[in-house]
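This report refers to the structure that appears directly beneath it.
The values are calculated or read from the model by the stated rules, or taken from the named source; none is laboratory data. Note that this is a predicted model, so its numbers are computed, not measured. Using ideal geometry, Cβ is built from the backbone for each residue, glycine included, and neighbour counts are taken over all protein chains shown. When the accessible area is computed, the model is the full protein with side chains, heavy atoms only, and any ligands, DNA or RNA have been set aside. Shrake-Rupley method; radii C 1.70, N 1.55, O 1.52, S 1.80 Å.
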Amino acid sequence: MLREAGVEASMALIRTRNLGKVEKSPASLATFNHAICYVPEADLFLDGTAEYSGIAEIPHLDQDCDVLVVNHDGTARVRAIPLKEASANSYEAEYSFDIRKGEKSAAMKGSLKVRGQEASDVRSNFKNPDKQKERLEKQLSYSYPGSRITGAS
């Protein structure tokens with residue numbers, strides 16, 4: 001699909017991090033358990049199976065791994081996908097409460113901004129608009145038992 005759009009890309013064979021580092025010998029394609037895409041013009045690795053990852057969010061199992069980039073002319077070279085710095089990840093939640101004396105409930109407004117590794121999980125968790133309210137209520141109930149959500153966007 002990238003080539004059809006005029007973007008040159010190569011296949012990159014990878015052994016995901018959960019299986020450990022690639023041993024240099026004996027050489028074998030059986031070492032690799034996954035294939036992703038490498039876009040040389042942008043020096044960018046893309047994992048098409050990481051459905052909810054953004055273009056700059058390489059999944060954590062692909063980070064800190066050796067890959068064998070196989071070019072269209074048959075040449076290949078070993079590259080490494082770097083491990084993202086901790087600063088590339090952030091999770092910011094902000095809540096405000098309107099608590100009124102004598103009332104049994106309080107109004108709350110909040111926002112959540114997630115960047116980096118957890119962002120794909122949040123996107124996946126809230127992908128279905130019909131389930132957003134229910135899932136948000138469940139998450140909030142851990143910190144604020146008895147929470148009821150009346151609206152979410």
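Things to note:
- Accessible-area composition of region 48-142, carbon plus sulfur, in percent [1.4 Å probe]: 50 percent
- Annotation for region 120-153 versus region 23-62: alpha-carbon center distance of 31 Å.
- Sites His72 and Lys24 - FRET efficiency at Förster radius 25 Å, r taken between beta-carbons, to 0.05: 0.50
- Counted residue by residue at 0.36 nm each, then reduced by the alpha carbon distance between them, the extension gain from Glu118 to Ala152 reaches 10.3 nm.
- Angle between the chain longest axis and helix 132-143 axis [Cα atoms, degrees, rounded to 10]: 80 degrees
- Two-site label geometry, Glu8 and Ala86: point separation in nm, points 7 Å out along Cα→Cβ: 3.9 nm
- Estimated inter-spin distance, Asp64 and Asn33, nm [label 7 Å along Cα→Cβ]: 1.6 nm
- Distant-in-sequence amide H partners of Val22 (H built 1.01 Å from N, under 5 Å): Asp66
- Taken one residue at a time, the phi angles of region 103-113 give Karplus couplings (6.51, -1.76, 1.60, θ = phi - 60°) of 9, 8, 10, 9, 8, 10, 10, x, 9, 9, 10 Hz. Gly and Pro are set to x.
- Each helix, a run of at least 4 DSSP H residues, gives -39500 (n - 2.57); summed and divided by the residues of the chain, these come to -3500 deg cm²/dmol at 222 nm.
- Protection proxy ranking for 138-147, 93-102, 14-23, using the average of other Cβ atoms within 10 Å per residue and placing the highest first: 14-23, 138-147, 93-102.
- Reported label for calculated semi-axes √(5λ) of the Cα gyration tensor in Å given (i) 24, 18, 13; (ii) 43, 16, 13; (iii) 21, 19, 15: (ii)
- For region 83-98, the Karplus equation 6.51 cos²θ - 1.76 cosθ + 1.60, evaluated at θ = phi - 60°, returns couplings of 7, 5, 5, 4, 5, 6, 10, 8, 9, 10, 10, 10, 10, 10, 10, 10 Hz by residue, with Gly and Pro reported as x.
- Electrostatic bookkeeping for Asp98 treats Lys and Arg as +1 and Asp and Glu as -1; over the other residues with beta carbon under 14 Å from its beta carbon, the sum is +3.
- Among His60, His34, His72, the order of accessible area from largest down is His72, His60, His34, computed with a 1.4 Å probe on protein heavy atoms.
- Potential extension, Ala93-Glu134 segment - 0.36 nm per residue separation minus Cα distance: 13.0 nm
- Using the 1.4 Å probe convention, the accessible area of the chain works out to 73 Å² per residue with neighbouring protein chains retained.
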